[in-house]
Amino acid sequence: MATDADETLRREIAGLLAGGLETEVFPRAEDSAQVNAIVSRLQSEGKDLASKLVIAGFTDHTITADELEQPCETCMYYLIKRRFCDLPELMLPVEPEWSCRLWRI
Amino acid sequence: MANLLWLQGGACSGNTMSFLNAEEPSACDLVTDFGINVLWHPSLGLELGENVKVMMEKCLSGEIPLDIFVFEGSVINAPNGTGEWNRFCGRPMKDWVADLSAKAQFVVAIGDCATWGGIPATAPNPSESEGLQFLKRAKGGALGEGFTSQAGLPVINIPGCPAHPDWVTQILVAVATGRAGDLTLDEFHRPKTFFSSFTQTGCTRNMHFAYKVSTTAFGQRKGCLYYDLGCRGPMTHSPCNRILWNRVSSKTRAGMPCLGCTEPEFPFFDLAPGTVFKTQTVMGVPKDLPLGVDRTGYVKLTAAAKGAAPAWAEEDIFVV
């Protein structure tokens, strides 16, 4: 379930994204090899919040790729009730309309 | 009384170990209750050396009727098609297999290696391994596509790595008691009674599959293993969640993704790095979708199911 800490962190992320944090939105993870490469980078370089957002390519709006909308809302890692990304390398509160390049269904 | 001969080719003995753990019926029940006479088995046979060879020659001459020939392990053809890498009783095993299969009333292939080559036949297949009537999905194998045993059936394939012990003993009982005619086989010669449903059928994680909640790491009780951890349960024909292992559990119930070991392509993706225990995707969509589901339908279903997921689906829940 959503917590106050989630809400605080979600606001911080929203602020970073709205403030112009440049994230690696493209290229999207086209295949599993690219997914694994990004996840590996998250494991080795994603030490703080900003680097996680950058490497995963977070946006505060939905990205469409290969004719598919890729919102957090439909992603396998998204916990709807908590509004939370459950990917072990991220584990971040998010908003349903946000997006990242590790999106998968 | 039905005479049974069991030989091993390119095998790890895993199917023998599985067979010896059978419970319904057990390996002993086959002998005491169902009239199966085990002529020889690598782990159970009393004969050694020349005596085994003499016994097999008697099978070939017809002096000993060979009712059921069971083969475990791949048929090894290396080097250069000679089969010399796997000699048994003075000649290549592949020659024994060909000759004994021609004499047997029924031929039963146990495990992936004997059915379609299995792990030994994975590229680059240095042992030139193949199954009795298949090499992966391709028909043919060591005995050829048109082979039928004396009783008129093709090789009865009981795949798995290993095959479940009760699949083995129940099929042997059916054959030994004259009920082979009741067996219907699928396109890969698997008995339909076991291999029509999916590994997912009966999986205790089905509710997480339905609501599209993923297991994201090993050991989690919540979530479906298909979405992230490479589980092949929705695409694999097996009764692993109907006929439980050790009568207790299954891979998926214990949190272990199904590897699809009853399908001809096993091991999938030739075990390339990054393909084991990881769902392969194309632009975020699984490369292998549940059988019969198309990409568009899958995307629509996912969005709807995800939106309808109840809170409990996202929480730890006991599924074993």
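The values are calculated or read from the model by the stated rules, or taken from the named source; none is laboratory data. Since the model is a prediction, treat every value here as computed from it, not as a measurement. Counting neighbours? That spans all protein chains shown, and the Cβs are built from the backbone with ideal geometry, glycine included.
Miscellaneous remarks
Residues checked against (1) within 23 Å of B:LYS278 (Cβ to Cβ); (2) touching a helix residue (DSSP H, G or I) at 6+ places or on another chain (Cβ under 8 Å); (3) more than 9 Å from chain B (Cβ to nearest Cβ):
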site: A:GLN43; (1), (2), (3): yes, no, yes
site: A:ALA50; (1), (2), (3): no, yes, yes
site: A:THR62; (1), (2), (3): no, no, yes
site: A:GLU73; (1), (2), (3): no, yes, no
site: A:PHE84; (1), (2), (3): yes, yes, no
site: A:SER99; (1), (2), (3): yes, yes, yes
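- Put simply, of A:ILE55, A:ILE38, A:ILE13 the only residue that is in contact with a Phe, Trp or Tyr (Cβ under 9 Å, 6 or more places away or on another chain) and touching a residue at least 24 places away in the same chain (Cβ under 8 Å) is A:ILE13.
Each row is one residue, and each column tells you yes or no for (1) of a type in the set (Ser, Thr, Tyr); (2) within 17 Å of B:SER214 (Cα to Cα); (3) in contact with a Cys (Cβ under 9 Å, 6 or more places away or on another chain).
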position: A:PHE58; (1), (2), (3): no, no, yes
position: A:LEU68; (1), (2), (3): no, no, no
position: A:ARG83; (1), (2), (3): no, yes, yes
position: A:GLU97; (1), (2), (3): no, no, yes
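- Taken over the stretch B:1-39, residues that are hydrophobic (A, V, I, L, M, F, W, C) and part of a loop (DSSP other than H, G, I, E, B) amount to 5.
- Selection from the stretch B:109-130 of residues that are more than 18 Å from B:LYS192 (Cα to Cα) and part of a strand (DSSP E or B): B:SER129, B:GLU130
- Contact map, the stretch B:112-129: first residue free of Cβ contacts under 8 Å to residues at least 60 places away in the same chain and in the same structural domain as B:GLN8 (by the TED database), second residue among the hydroxyl-bearing types (Ser, Thr, Tyr) and crowded, with 24+ Cβ neighbours inside 10 Å, Cβ cut-off under 7 Å, separation 6 or more or different chains; pairs are B:GLY117/B:SER74; B:GLY117/B:SER129; B:ALA121/B:SER74; B:ALA121/B:SER129.
- Residues located in the stretch B:275-302, provided they are exposed (fewer than 15 other Cβ atoms within 10 Å of the Cβ) and facing another protein chain (nearest Cβ under 7 Å): B:VAL282
- Count - residues of the stretch B:40-85 that are part of a strand (DSSP E or B) and within 22 Å of B:GLN150 (Cβ to Cβ): 7
- Scanning the stretch A:56-83 for residues that are part of a loop (DSSP other than H, G, I, E, B) and of a type in the set (Ser, Thr, Tyr) turns up A:THR62, A:TYR77.
- As a summary of the residue check, A:VAL35 satisfies the conditions (1) touching a strand residue (DSSP E or B) at 6+ places or on another chain (Cβ under 7 Å); (2) in a loop (DSSP other than H, G, I, E, B) except for the one numbered (2).
- Segments classed as helices (runs of 4 or more DSSP H), wholly inside the stretch B:131-219, with at least 1 members that are of a type in the set (Asp, Glu) and farther than 18 Å from B:GLU263 by Cβ: B:165-176
- The single condition among (1) within 14 Å of chain B (Cβ to nearest Cβ); (2) in contact with a Phe, Trp or Tyr (Cβ under 8 Å, 6 or more places away or on another chain); (3) not in a helix (DSSP H, G or I) that A:ASP6 does not meet is (3).
- Qualifying residues in the stretch B:177-203 (those that are among the hydrophobic types (A, V, I, L, M, F, W, C) and more than 25 Å from B:THR252 (Cβ to Cβ)) - the one surrounded by the most Cβ atoms within 10 Å (Cβ to Cβ): B:ALA180
- Restricting B:LEU100, B:LEU132, B:LEU172 to residues that are touching a residue at least 24 places away in the same chain (Cβ under 8 Å), within 20 Å of the chain's Cα centre (by Cα) and over 21 Å from B:PRO267 (Cα atoms) narrows the list to B:LEU172.
- Candidates A:ILE13, A:ILE38 - the one that is surrounded by 11 or more Cβ atoms within 10 Å (Cβ to Cβ), of a type in the set (Val, Ile, Thr) and within 13 Å of another protein chain (Cβ to nearest Cβ): A:ILE38
- Residues of the stretch B:214-226 satisfying the condition of being facing another protein chain (nearest Cβ under 10 Å) and at pLDDT 90 or above: B:SER214, B:THR215, B:GLY223, B:CYS224, B:TYR226
For (1) of a type in the set (A, V, I, L, M, F, W, C); (2) assigned by the TED database to the domain that holds B:THR32, each residue gets a yes or a no:
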| residue | (1), (2) |
| --- | --- |
| B:CYS161 | yes, yes |
| B:LEU172 | yes, yes |
| B:GLY181 | no, yes |
| B:THR204 | no, no |
| B:HIS208 | no, no |
| B:LYS212 | no, no |
| B:LEU225 | yes, no |
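- Failed item, numbered, when B:GLY144 is tested on (1) in contact with a helix residue (DSSP H, G or I) (Cβ under 9 Å, 6 or more places away or on another chain); (2) at positive phi: (1)
- Test: residue in the stretch A:49-59 that is surrounded by 15 or more Cβ atoms within 10 Å (Cβ to Cβ), modelled with pLDDT under 95 and of a type in the set (Phe, Trp, Tyr): no
- Scanning the stretch B:220-274 for residues that are β-branched (Val, Ile, Thr) and surrounded by fewer than 20 Cβ atoms within 10 Å (Cβ to Cβ) returns B:ILE243, B:VAL248.
- Considering (1) within 13 Å of another protein chain (Cβ to nearest Cβ); (2) among the small types (Gly, Ala, Ser); (3) assigned to a loop (DSSP other than H, G, I, E, B), the lone condition that A:GLY20 does not fulfil carries the number (1).
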